[in-house]
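The structure appears right after this line, and notes come after that.
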């Protein structure tokens with residue numbers, strides 16, 4: 001979805017949608033990107049639904065993960081990734097839990113940066129992700145490398161999701177209903193979780209996962 005009308009020798013302009021529910025953050029990102037000749041902000045979104053609606057006119061969506069109580073940035077990323085010829089999605093968020101990182105990547109995000117990234121790293125990330133490359137901030141890359149280095153201890157995205165729902169106080173049956181699986185499947189996930197975290201019960205597993213930053217404490 002690049003602009004092929006650029007003069008010879010000039011890089012094509014990358015059309016960006018900025019999706020964040022905080023007006024000050026959106027304004028700050030617009031200010032950072034405005035002077036960049038090969039990047040043009042063509043839209044903003046304050047909700048996940050608005051991000052999906054604006055996506056067809058962009059080459060890249062700069063996506064936050066949290067949009068209040070509605071659909072999340074991961075939900076929006078999944079929808080955008082399913083669009084034929086749709087834009088790339090570069091996540092820009094405050095959250096660095098395994099659940100958020102894995103969820104975004106599995107949903108189809110081309111990259112994941114934290115909001116403490118330097119402006120030049122953000123700009124380079126936009127260019128790289130729009131060009132079809134993967135982009136990971138240093139802290140994100142470190143977490144992923146740690147998972148690869150110790151795969152036997154690393155919880156899967158689904159296991160993290162089960163444990164996060166347990167941390168909300170849901171019963172096994174309620175977790176099963178939320179995730180559209182059988183209660184036996186939930187029990188099996190919990191058994192694997194206990195083994196991987198070397199704990200014997202739900203409370204200990206939740207505490208260990210929270211200490212490790214596997215999911216956000218709500």
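Read-outs throughout are calculated quantities, based only on the coordinates presented, and are distinct from any laboratory measurement. Everything numeric here is computed off the predicted structure, so don't read it as measured data. Glycine also receives a Cβ, built like all others from the backbone with ideal geometry; neighbour counts cover every protein chain displayed.
Given the structure, is residue 82 touching a residue at least 40 places away in the same chain (Cβ under 8 Å) and closer than 27 Å to residue 143 by Cβ? No, not satisfied. On the stretch given as segment 30-54, residues that are assigned to a helix (DSSP H, G or I) and touching a residue at least 40 places away in the same chain (Cβ under 8 Å) total 2. Among the residues examined, residue 178 qualifies as within 21 Å of residue 104 (Cα to Cα), touching a helix residue (DSSP H, G or I) at 6+ places or on another chain (Cβ under 8 Å) and surrounded by 13 or more Cβ atoms within 10 Å (Cβ to Cβ).
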